[in-house]
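The block underneath contains the structure these notes are about, expressed in structure tokens.
The values are calculated or read from the model by the stated rules, or taken from the named source; none is laboratory data. What you see is a predicted model, and the numbers here were worked out from it, not measured in a lab. All Cβ positions, even for glycine, are placed from backbone atoms using ideal geometry, and neighbour counts span all protein chains on display.
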Amino acid sequence: MTRQTQYNLGEQIAPFKKLAPILQFLSVRRSSLATNLESPGPSQQELEHMLTIAARVPDHRRLSPFRFIIIEGERRNALGKSCLEIARKNNPNMPEAMQTLEQTRFMRAPTVVVVAYSPKNDGKTPEWEQTLACGASCYNLLLAAKASGFGAQWITEWLTYDSNVALELGLLGHERIAGFIYIGTNKEPLKERARPDISALTTYL
Ligand SMILES: Cc1cc2nc3c(=O)[nH]c(=O)nc-3n(C[C@H](O)[C@H](O)[C@H](O)COP(=O)(O)O)c2cc1C
């Protein structure tokens, strides 16, 4: 097998030079707060395009160690009810306000994408590398949502670490939640936050 067929190399990708608008976009990219999101969310076509971009990440041995679970419409409320039940079992004395928050958690945005980490055991590819590819997928989804004109936030919260929530979402035993990507329209313009000092993070050897 030649290297060409092994990687199913297809058409040549048109080369490009510097893409100033993309550098500008990345330079000012900012997450929204889920509470700052409202309808409309992405159309089916826009969402599918975002997911296609989310799957287009560096991925050693092309294992796609991630999959996407979409929560929209009435399903957001139904899932909120289930998560409230789980939260109540974890904490039977939950105050009323907290219960409301649990019930309405997914209503914060019109579209919530659960990125499920779904590692593959090919006997060769370290799980760590698959974890990194899954993180890249979450970030690409954020970027695609932003570039499509929406606000988006990557959230984990307690749900990510609860095995009953994972069951409720239909995750398999070896899978886990990488994050909930909330996507919608920004209610208010975003404000900058403090950014790291790059010189403090960088060493030249
Ligand atoms: C894996 C991961 C989990 C996160 N979970 C939460 C969360 O549960 N709640 C929250 O407010 N922000 C969470 N964040 C942070 C936000 O997604 C976001 O990065 C933060 O608000 C800073 O915004 P920025 O993207 O504009 O730098 C998480 C980020 C990552 C990478």
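Worth a mention:
- Restricting the first member to segment 174-200 and to residues that are over 27 Å from Ala133 (Cβ atoms) and surrounded by fewer than 10 Cβ atoms within 10 Å (Cβ to Cβ), and the second to residues that are modelled with pLDDT under 95 and of a type in the set (Val, Ile, Thr), no beta-carbon pair is closer than 8 Å while six or more apart or on different chains.
- Pairs linking a residue in segment 54-65 that is of a type outside the set (A, V, I, L, M) and surrounded by 13 or more Cβ atoms within 10 Å (Cβ to Cβ) to a residue that is part of a loop (DSSP other than H, G, I, E, B) and at pLDDT below 95, with Cβ atoms under 7 Å and 6 or more positions apart or on different chains, do not occur.
- Subset of segment 140-180 that is part of a helix (DSSP H, G or I) and among the small types (Gly, Ala, Ser) - its residue that is nearest to the ligand (Cβ to nearest atom): Ala145
- Residue in segment 71-92 that is outside any helix (DSSP H, G or I), of a type outside the set (A, V, I, L, M, F, W, C) and in contact (Cβ under 8 Å) with a residue 24 or more places away in the chain present: yes
- Within segment 181-203, being more than 10 Å from the ligand (Cβ to nearest atom) and either in contact with a strand residue (DSSP E or B) (Cβ under 9 Å, 6 or more places away or on another chain) or over 27 Å from Val115 (Cα atoms) (or both) holds for Ile183, Gly184, Thr185, Asn186, Lys187, Asp197, Ile198, Ser199, Ala200, Leu201, Thr202, Thr203.
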